[in-house]
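Values quoted throughout were computed directly from the atomic coordinates according to the rules given, and no laboratory measurement underlies them. Please read these numbers as outputs of a predicted model, since none were measured by experiment. No Cβ is skipped: glycine too gets one built from the backbone with ideal geometry, and neighbour counts run over all protein chains shown.
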């Protein structure tokens, strides 16, 4: 295999690994119905293929080694999370079960457990998605209230309006590099100045 072909394979493998990480993050957050097993299998086959290839270029060999290390670390993390889900010890699922069990006995108590306070600006889905994502990523949710999230979104809206002019923006929760973020997008049909 030529050096250029190996470098292209490594670029593709690195891209697929980043996509697989995003897909698993979405799966663990509940956005995907199934684990991305097909992509994981493709990456595993590519790693096996490149392992049996003699890589003479030192930089390419180092890049392949670092990709393999990342893949192994991710696999351990994903397998551990999948095992926790099967055993019923996955923290995010336990958190949701606790909310539902409180809600069945006392609807007000379940709502207090999930939502410490209320604000008209932040919807239930966005707030719960944000809290669930933070719990899943191991980030603290202590002191996170709707008012606090509403304030964060209001600040982002003001910054977006200052930068892009008046308009309406919608927000969604995403996980990037293991960190929970709010992503804004302009609502189609909203006025632009």
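Extension gain for residue 48 to residue 77 (0.36 nm times residue separation, less C-alpha to C-alpha distance): 8.4 nm. Here r is the Cβ-Cβ distance between residue 158 and residue 91 and R0 is 35 Å; the resulting FRET efficiency, rounded to 0.05, is 0.55. Between residue 1 and residue 19, the simple spin-label model (points 7 angstrom out along Cα→Cβ) gives 1.8 nm. Take every Cα pair under 8 Å whose residues are at least 6 apart in sequence, average their separation, divide by the length of region 1-83, and the relative contact order is 37 percent. For region 60-79 and region 127-142, compute the distance between their C-alpha centroids and round to whole Å. Centre-to-centre distance over Cα atoms comes out at 26 Å. If the segment from residue 26 to residue 148 were pulled out straight at 0.36 nm per residue, it would be longer than the present Cα-Cα gap by 41.5 nm. In this structure, residue 60 and residue 39 have a Cβ-Cβ separation that, at R0 = 22 Å, corresponds to a calculated FRET efficiency of about 0.45. Going from the fewest other Cβ atoms within 10 Å to the most, the residues 24, 74 appear in the order 74, 24.
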